[in-house]
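The structure appears below as structure tokens.
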Amino acid sequence: MLSLSHGAAVVAPTIGRMGPEAAFFDLDKTIIAKSSALAFSKPFAAGGLISRRAVLRSAYAQFVFLVGGADHDQMEKMRQFMSQLVAGWDVATVKEIVAETLHNIVDPLVYDEAVQLIEEHHAAGRDVVIVSSSGTDVVEPIGAMLGADRVVATKLEIVDGQYTGEIDYYAYAEEKANAIRDLAEERGYDLAACYAYSDSATDIPMLEVVGHPHVVNPDRELRKLAASRAWPVLIFSKPVALRSRVPLPPPKPTLAAIAVGGVVAVGAAVWVGVRRRNLSA
């Protein structure tokens, strides 16, 4: 079904498939080289949209995430921090900034091996679904840029056009597996023939729910489990500018895009940062 060569995967069509199939991908450190939840601080900081203290705190969170991954305790701390941070932010402004800076920030972070794998699954007739704990306003544009068929992501509570700081739906751990089961029921996916990819032990439920689990750049706990269960281990190491692989529309020449220029968000901050509107103006 799938052969490995130097950490890359080659996907072949399933013989005698019973129904539609899908490949489910975690996003952070699986498709992109960093945390999507923390990737947009450079444009927001350049525009004076977030505090220096928030930048420093989230830069540390990015460092911890990149070096050691994120266990359940770290993910809970990150969730609390980001929920507090976004409270009161204007939803329309968040979406505007993400759209304006998406290609500058995310494009250089995408793993070439992941893009190839997505292409191979599509060629084999499978849907590609991104399943991420990051917020929909970040994950959905990234999914569209990558050509994903569907996206499952965390949904923040919105009241009167602003984030409240509460979470309506948290796409994390067992909930990712539940979402995959729901999609399988809705779309008729044969889960025994489906694939899943993740780097984190927190996504073990997601990997267990399909017939073909694969671990990508795994953390220590997931690597150990993969060895015990003979799950394939993929090493993605070549971030590539996506526009060199997939034709992309040029980013809009807005002030936010100009502010960030070609800067890549290294050690960056916040789920979706935002400009606070001057209500007194």
Selection status of Val138, of a type in the set (A, V, I, L, M, F, W, C), within 16 Å of the chain's Cα centre (by Cα), closer than 21 Å to Ala171 by Cα and at pLDDT 95 or above: no
Arg220 passes all but one of (1) surrounded by 15 or more Cβ atoms within 10 Å (Cβ to Cβ); (2) in contact (Cβ under 8 Å) with a residue 24 or more places away in the chain; which number fails? (1)
Condition check for Ser200: farther than 30 Å from Ala92 by Cα and buried (at least 20 other Cβ atoms within 10 Å of the Cβ): yes
Give the range 131-145 a look and list any residue that's among the hydrophobic types (A, V, I, L, M, F, W, C) and either surrounded by fewer than 22 Cβ atoms within 10 Å (Cβ to Cβ) or in contact with a Cys (Cβ under 7 Å, 6 or more places away or on another chain) (or both), or say none. Ala144, Met145
Check whether at least one residue in the range 189-199 is free of Cβ contacts under 8 Å to residues at least 60 places away in the same chain, under 24 Å from Ala33 (Cβ atoms) and touching a Ser or Thr at 6+ places or on another chain (Cβ under 6 Å), and report yes or no. no
Can you tell me which residue among Tyr163, Tyr189 is more than 26 Å from Met78 (Cβ to Cβ) and surrounded by 22 or more Cβ atoms within 10 Å (Cβ to Cβ)? Tyr189
Which fully enclosed helices (runs of 4 or more DSSP H) of the range 72-134 have 2 or more residues being of a type outside the set (Ser, Thr, Tyr), under 30 Å from Gly165 (Cβ atoms) and in contact (Cβ under 8 Å) with a residue 40 or more places away in the chain? 72-86, 91-106
Filter the range 208-225 down to residues that are within 24 Å of Pro239 (Cβ to Cβ), more than 16 Å from the chain's Cα centre (by Cα) and of a type in the set (A, V, I, L, M, F, W, C), then give me how many there are. 1
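This table checks each residue for (1) assigned to a helix (DSSP H, G or I); (2) within 19 Å of Ser132 (Cβ to Cβ).
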residue	(1), (2)
Ala184	yes, yes
Ala196	no, yes
Asp203	yes, yes
Met206	yes, yes
Val210	no, yes
Ser228	yes, no
Trp231	no, no
Single residue of the range 158-182 satisfying the filter (hydroxyl-bearing (Ser, Thr, Tyr) and not in a loop (DSSP other than H, G, I, E, B)) that is nearest to Val115 (Cα to Cα): Tyr169
Test each condition in (1) assigned to a strand (DSSP E or B); (2) surrounded by 22 or more Cβ atoms within 10 Å (Cβ to Cβ) for Lys155 and report the one that comes out false. (2)
State whether the residues of the range 17-38 include one that is exposed (fewer than 14 other Cβ atoms within 10 Å of the Cβ), farther than 29 Å from Thr164 by Cβ, at pLDDT 65 or above and hydrophobic (A, V, I, L, M, F, W, C). yes
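The values are calculated or read from the model by the stated rules, or taken from the named source; none is laboratory data. Predicted, not measured: the structure shown is a model, and the values here were computed from it. Virtual Cβ from ideal backbone geometry, glycine too; neighbours counted across all protein chains shown.
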